[in-house]
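The block underneath contains the structure these notes are about, expressed in C-alpha cells.
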Amino acid sequence: MLRNYITIAWRNLIRRKAYTAINISGLAIGLAAALLVFTIVRYELSYEDFQPNKDRIMQVVTESKYPDGVFYNPGIPYPALEALRNDIPQVISGALSASYGSQVTVLGNDANAATNEKKFIEETGYFFADPQFFQVFQYKWLAGSPAVLKEPNSTVLTQKQAIKYFGDWKTAVGQYLKLDNAITVKVNGILEDIPLNTGLPLAIVTSFETYKSNPDLYGYTTDWGSTTSNFQIFTLLPQNMTKAQLAQQLVTFSRKYYPKENSRSVRTNLLLPLNEAHFDTRFGTFGDHQISKSGIWTLALIGVFVILMACINFINLSTAQAVRRSKEVGVRKVLGSNRKQLFWQVIGETTLIVLVAMILSVIIAVVCMPYLKNVTSIEEKLSLFHLPTLLFLIVTGLVVILLSGTYPSLVLSRFNPSLALKNKITSATVGGISLRRALVVLQFSISQVLIIGTIVAVSQMSFVQHADLGFNKEALLVLNGNADSTVIASQPSFKSKLLGLPGVQSVSFSADVPSSDNNWGTNFAFDHKDDENYTLYLKYGDADYFKTYGLQLVAGRAYEKSDTTKEVVVNETLVHKLGVKDPKDIIGKEMRTGRSPWRTIVGVVKDFKTNSLREEIRPMMIAERHKSYSRTGIKLRTNNLQQLQASVQSAWNEFYPQYAYTSFFMDESINDFYKQEQQLSLLYKIFAAIAIFISCLGLYGLVSFMAAQRTKEVGVRKVLGASVFHILYLFSKEFTVLIVLAFLIAVPVAWYMMSSWLENFVFRIQLGWGIFAIAILGSIIIAWMTVGYRSVRAAFANPVKSLRSE
C-alpha cells in the first residue's frame, strides 16, 4: 500500500507539472526566507550568551531628569567606582573605559624605540580595565591573569590582536606598544578571542591605573558632575541578592553623592541587565550594533508571514485541483479505501512536495548567506549547518505539512464515490470557495503591508539623504588626529601646507565636526543670571570653522582668531529657548559654561543638524578651544578628488610621521547615522518582492485552474461575440475585488506600523494618501499582469476546440 501511495503521488506530481512547480517554488522561497530570518534572529538573541553569569551581571547606568525631558547615559562619574565598592561591598564592581579612534604603535622588544612603521588606528578603540572587571566577566586567559592589570602601563591583548601586531601571539608577551604616541605599555597577558556577539568588543585592555595616571590625555576626573559614556561600571550580583534590592540601594547611593546644589536636574543610577543591553537603545554599548526587541520580532513575524503565504498557495491550489482527482478518489473508495487512508495519501503527497522544497530552500539559503551582511549589521560569518537550524527546519517542515496538507486532505477524503465516478464533482460542490477567497485576501493583505512599508522606508531615506542639514557636507575631507602638544604645535604650518595644495579651498581645526554622535553638554548661565534649567551643547572650532563647513550666520559675526575662548557664537535654537525674539538682540550679551568666565556672544548661526534627523536640534554654543582640536576639516574642489586625497596624505606624513593617517568624507559619515534604517529599507524591499512573487504564483495557479474549468464557457461567450477584453474582465474582476478588500485591511495595519517607525525621526515625511494609492495601484497592476497572461491565452483559444473538449 505504501509503495502504491508513493507511486501514485509521484505520478500526480509529474502529471501536473505547473501545479507542482508553483507549490515547490513558493514553499522553497518561503522556507529559505524563514531560514535566513531564523539565523539572524537567533544570532541577535545570542548576545553575551558565552558569559556564564550573564543573568547576574548588571550595568550601572545614569538617568538624568531635566525640565525639558529625561536623558539616559550608559556611563557614570569616575569617582563612583570607589564609592560603590565602599558603600555596597557585597557586590563585585568592575570598571571599563574606552578610548576610540586611538593609535597603537608596535615597538617590539625595545620599549625606547623612537618610531616604527607598524602603526594602527583602532577605530573601535582600546579599553582600560581593573582586575575586578575580570571577576564580573569570565574570559579565557591563554597567558597571564587579571592580576597583571593591577600595575600601570600593563596591557593584555586578544589572540587575534596579538597576531595582528606581532605575527604570533605566543611571542607577544613581554613586548611593547605605544598608545597615542604618549604611553608605552608592556604586553603581560593574552586573552582567547572574544565572540563578536557582544557589546564589549575587547581587543586591547590596559590597566585602569594607566588611565588614571594620564588625566590630561583621557579626561579622568574626580568631579561627580562629569558623566561620560566612555566610562562604564558593571556589577555581579551575589546569589542571595536580587536586582530590585540593588536598585533600591542605588537610589540611596545617588541621593548621597550627586551634587545637591544643582537643582536643574535629578540624576539617578539605574541597573541595566547585561542580557538586555543589546536591545535597550536608550543606552549605547561599546559595540557598534544594537537592535530593539520590537525590530527582532517584526523581522520574525515577516518570516512567518512569508511561510504562511506559501502555505496559502498550496491550500488554494490543492483544493482547486481536487476536482481533477475526483474519479481517482471514487475508484479508491469503491475498492475499499476509507477516509483515513485517503487522508494520509494526500498528506504523503504534501510531504513529498515539502521535502523537495526544503532541500531547495537550504540551497537557496546557502547561496544567499554571504549577502546577509548587506541587510544586517552582523559582521560574523554565520553558518546554517548546526543543530538549532536543523531542528528549526524539521519543526517548520512539519508545521508547513500540517498547514498545507490537512484541509486539502479532508476535502478529498470526503468525496461521495457515486458522484465522483459520475464526474459530477465540481469546484462548487467541493466547497471552500469562501475559504479560498479569504486566503487570497489574507495573502494580498500581507503583500500590501510590506509594499507600503517599502514605499515609506524608501521615501524616508530619500528625505534624509536630501534634507537641508544647515551646512555643506559635500567634498569635505576630515582627518582624525590627536589633540596633544605635538600635533597642536604644528597645526599652523600644516594648515599653510594644505592651503597651498591646488584644489584645497579652506581648512579648519576643531574638536568635532558639525554633525556627529558626540554630545558634549554642560550647564550654563546667560546675561549674568542663574543657571538655565536645560543643557547647553558645545562645539569647538577655529575661526575658519564656519567658512569650511558652510555654516550660515543670521546675525553678528564669527569670532576672531584666538588661542583661548573669548567670544562665542550660538545657534537659533538657543536664542529661542532664551526667549529672545530677534537674534540681533542677543549680540553683545554674555554667557558662561560651568564655572568658566563670562564670554561675549558675537554671532548667531542658522540652525544646523548637530546629530541625526532622529533627534531635535539642540541649543548650541560654538567657540574656540585650541587644546581640543583633534579634527582637520578640508574643503576640496570636486575635480580630481583622488589626487587631492593623495596630496593631503603626503602632507600629513610630512608633518606627522609618527601618526597614522586616517580620514573620512563628511557625507559618508552622515550616511552611517542611518545604516540600520537603510538595511531595514532593503529588507522591506526583499520581503515585499518575495511576498509579491509568492502571491503572483498563487494567482497564476488559480487563474490557470479557472481557465481550464471554464473552457466551454469561454468558447460559448466567444461564439456569442465576447471580446478579448470581456474575457479578461471575466477572469480578473473577482481578484480585483479581493485585492481592494485586502488593501482596506492592510491600510490600518501598515499605517500603525510605519507611523511607529517614523516616530524614531524628529524630521520625517508625512504619511499621505499618495503612498497608499501607489501601493494599491501597484498591487492591482501586478495582479492584472499575472492574471492577464493566462487569461489572454484562454481568450485567444479557438472556440471550436473549446466547445469540443470534454
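The values are calculated or read from the model by the stated rules, or taken from the named source; none is laboratory data. Predicted, not measured: the structure shown is a model, and the values here were computed from it. Every residue, glycine as well, gets a Cβ built from its backbone with ideal geometry; the counts of neighbours run over all protein chains shown. These accessible areas exclude ligands, DNA and RNA; they are computed on the full protein's heavy atoms, side chains included. Shrake-Rupley method; radii C 1.70, N 1.55, O 1.52, S 1.80 Å.
Would a scan of the range 570-587 turn up a residue that is surrounded by fewer than 20 Cβ atoms within 10 Å (Cβ to Cβ) and in contact with a Ser or Thr (Cβ under 8 Å, 6 or more places away or on another chain)?
Scanning the range 570-587 turns up no residue that is surrounded by fewer than 20 Cβ atoms within 10 Å (Cβ to Cβ) and in contact with a Ser or Thr (Cβ under 8 Å, 6 or more places away or on another chain).
When you look at F693, is it under 30 Å from V554 (Cβ atoms), hydrophobic (A, V, I, L, M, F, W, C) and open to solvent by 10 Å² or more (accessible area, probe 1.4 Å), yes or no?
no
With respect to F444, is the statement that it is of a type outside the set (A, V, I, L, M), open to solvent by less than 40 Å² (accessible area, probe 1.4 Å), farther than 30 Å from P215 by Cβ and in a loop (DSSP other than H, G, I, E, B) true?
Against the criterion (of a type outside the set (A, V, I, L, M), open to solvent by less than 40 Å² (accessible area, probe 1.4 Å), farther than 30 Å from P215 by Cβ and in a loop (DSSP other than H, G, I, E, B)), F444 does not qualify.
Could you give me the residue pairs with C-beta distances under 6 Å whose first residue belongs to the range 479-494 and is within 13 Å of R631 (Cα to Cα), whose second residue is open to solvent by 30 Å² or more (accessible area, probe 1.4 Å) and of a type in the set (F, W, Y) wherever it lies, and which are 6+ apart or on separate chains?
Filtered contacts from the range 479-494: F494/F655.
Given the structure, is T632 among the hydroxyl-bearing types (S, T, Y), touching a Leu at 6+ places or on another chain (Cβ under 8 Å) and either open to solvent by 40 Å² or more (accessible area, probe 1.4 Å) or part of a strand (DSSP E or B) (or both)?
yes
Here are some residues: P619, P597, P583. Which one is out of contact with any strand residue (DSSP E or B) (no Cβ under 7 Å at 6 or more places or on another chain) and of a type outside the set (D, E, K, R)?
Only one candidate qualifies: P597.
For residues in the range 59-110 being on the phi > 0 side of the Ramachandran plot and part of a strand (DSSP E or B), which is farthest from the chain's Cα centre (by Cα)? Quick ask: steps written out before the conclusion?
Step one: filter the range 59-110 for residues on the phi > 0 side of the Ramachandran plot, giving 69, 101, 108.
When the remaining residues are screened for being part of a strand (DSSP E or B), the result is 69, 108.
Values: G69: 26, G108: 39 Å.
Checked the range 59-110; the qualifying residue farthest from the chain's Cα centre (by Cα) is G108.
Could you please let me know if F471 is aromatic (F, W, Y), modelled with pLDDT of 80 or more and outside any loop (DSSP other than H, G, I, E, B)?
When the stated conditions are applied, F471 does not pass them.
In the range 515-536, what residues are over 14 Å from T227 (Cβ atoms), in contact (Cβ under 8 Å) with a residue 60 or more places away in the chain and open to solvent by 30 Å² or more (accessible area, probe 1.4 Å)?
D517, D527, H528, D531, E532, N533
What do you reckon, is S506 crowded, with 18+ Cβ neighbours inside 10 Å, of a type in the set (S, T, N, Q), assigned to a strand (DSSP E or B) and touching a Lys or Arg at 6+ places or on another chain (Cβ under 6 Å)?
Judged against the criteria, S506 is a match.
What residue, among those in the range 103-152 that are under 18 Å from F208 (Cα atoms), open to solvent by less than 30 Å² (accessible area, probe 1.4 Å) and small (G, A, S), is modelled with the highest pLDDT?
Step by step, filter the range 103-152, then rank; the result is A129.
Could you list, in sequence order, all residues of the range 143-185 that are aliphatic (A, V, I, L, M) and closer than 23 Å to Y659 by Cα?
V156, L157, A162, I163, A172, L177, L179, A182, I183, V185, listed by residue number.
Against the condition in contact (Cβ under 8 Å) with a residue 40 or more places away in the chain, in a strand (DSSP E or B) and within 35 Å of the chain's Cα centre (by Cα), how does Y165 come out, does it pass? Give the derivation first.
Details: in contact (Cβ under 8 Å) with a residue 40 or more places away in the chain: yes; in a strand (DSSP E or B): no; within 35 Å of the chain's Cα centre (by Cα): yes.
Judged against the criteria, Y165 is not a match.
Scanning for something closer than 30 Å to A33 by Cβ, in a loop (DSSP other than H, G, I, E, B) and out of contact with any helix residue (DSSP H, G or I) (no Cβ under 6 Å at 6 or more places or on another chain), does the range 643-663 turn up at least one residue?
No, the range 643-663 has no match at all.
When you look at Y540, is it in a loop (DSSP other than H, G, I, E, B), open to solvent by less than 40 Å² (accessible area, probe 1.4 Å) and not charged (D, E, K, R), yes or no?
Judged against the criteria, Y540 is not a match.
Restricting to the range 30-58, give me the number of residues that are open to solvent by less than 20 Å² (accessible area, probe 1.4 Å), more than 23 Å from the chain's Cα centre (by Cα) and of a type in the set (S, T, N, Q).
So the count comes out to 1.
Tell me, which residue of the range 176-222 that is farther than 17 Å from A162 by Cβ and among the acidic types (D, E) is modelled with the highest pLDDT?
E209
Within the range 703-723, is there a residue that is open to solvent by less than 20 Å² (accessible area, probe 1.4 Å), within 13 Å of A783 (Cβ to Cβ) and modelled with pLDDT of 85 or more? Explain how you work it out, then say what you get.
Taking the range 703-723 and keeping what is open to solvent by less than 20 Å² (accessible area, probe 1.4 Å), we get 703, 705, 707, 714-715.
Next, from what is left, pick out any that are within 13 Å of A783 (Cβ to Cβ): 703.
Those still in the list that are modelled with pLDDT of 85 or more too: none.
No, the range 703-723 contains no residue that is open to solvent by less than 20 Å² (accessible area, probe 1.4 Å), within 13 Å of A783 (Cβ to Cβ) and modelled with pLDDT of 85 or more.
Of all the residues that make up the range 185-202, how many are β-branched (V, I, T) and either over 20 Å from D130 (Cβ atoms) or not in a strand (DSSP E or B) (or both)?
Residues flagged as β-branched (V, I, T) and either over 20 Å from D130 (Cβ atoms) or not in a strand (DSSP E or B) (or both) within the range 185-202 amount to 2.
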